[in-house]
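Taken together, the values in this text are just the output of simple stated rules run on the coordinates, not laboratory data. Please read all numbers here as calculations on a predicted model, not as lab measurements. Cβ atoms come from the backbone with ideal geometry, glycine included; neighbour counts cover every protein chain shown.
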Amino acid sequence: MTRPAGRKRQRPMSEGTRTGVFTGGCQCGAVRFRVEGTLGRGCVCHCRMCQKAAGNIFLPLISVQQAQLRWTRGEPKMFRSSETIQRGFCADCGTPLTYQHDGGIPELTIGSFDHPEQLEPQVQANAERTIPWAATIFEKRNVTQTLDAAWIKTYQHPDHDTETWPQETSE
Ligand SMILES: [Zn+2]
Ligand SMILES: [Zn+2]
């Protein structure tokens, strides 16, 4: 078997691999961000609050750390999920975007980045709360998804910055 084109040998994660310019945003495109610099460590959290906030079984987050975070379109709406923690999300489409201790450094949801494949989490938190079947989901039978089919008109913002959004349709 040949290696897929462009896929290099896996190298150990170093600080440098999370340095650069990263963009992302919510599903509808009302909120977009840009981070420049070196991101912190990525973490998958299994706690019940992160499950709820993600509407999922765990929440992958990465700390902005010393990098500069700028909201380039809109801003997240905040929900105080506990006395000291706020979580940001898009008020229009609901995409979870941030997690932040009061006065602390924000963390961004890895799935909201344009290229989440670049941001492999390094650790997990609250592993004792892991949903039992989380460990076996990747062993399940794969059923073909048709969501990428050309005939489906999507309203999802593309995985790159746009000048204007929603796009003006000239059809
Ligand atoms: Zn949105
Ligand atoms: Zn959590």
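Here are some notes:
- Distant-in-sequence amide H partners of Arg73 (H built 1.01 Å from N, under 5 Å): Arg32
- Here the extension length gained between Thr17 and Asn126 equals 36.7 nm, from 0.36 nm per residue of separation less the Cα-Cα distance.
- Each residue of the range 74-84 is assigned a 3J(HN,Hα), and the resulting list reads x, 8, x, 7, 9, 10, 7, 8, 7, 3, 10 Hz, derived from the Karplus form 6.51 cos²θ - 1.76 cosθ + 1.60 (θ = phi - 60°), x at Gly and Pro.
- Distant-in-sequence amide H partners of Gln124 (H built 1.01 Å from N, under 5 Å): Val44
- Per DSSP, loop trypsin sites (Lys or Arg not before Pro) in the range 83-145 with at most 16 further Cβ within 10 Å: Lys140, Arg141
- Put a plus charge on the Cβ of each Lys and Arg, a minus charge on the Cβ of each Asp and Glu, and nothing anywhere else: the dipole of the range 19-132 about its Cα centre is then about 220 debye.
- Along the range 42-59 the Karplus relation, 6.51 cos²θ - 1.76 cosθ + 1.60 evaluated at θ = phi - 60°, assigns HN-Hα couplings of x, 9, 9, 9, 9, 5, 5, 5, 5, 4, 5, 4, 8, x, 8, 9, 7, 10 Hz to successive residues, with x for each Gly and Pro.
- A simple rule links phi to the HN-Hα coupling: the Karplus curve 6.51 cos²θ - 1.76 cosθ + 1.60 with θ = phi - 60°, which for the range 116-125 gives x, 5, 7, 10, 5, x, 9, 9, 10, 10 Hz, with x for Gly and Pro.
- Reachable aspartates and glutamates, given that their alpha-carbon falls under 16 Å from the alpha-carbon of Lys77 and they are not under 8 places away in the same chain: Asp92, Asp102, Glu107
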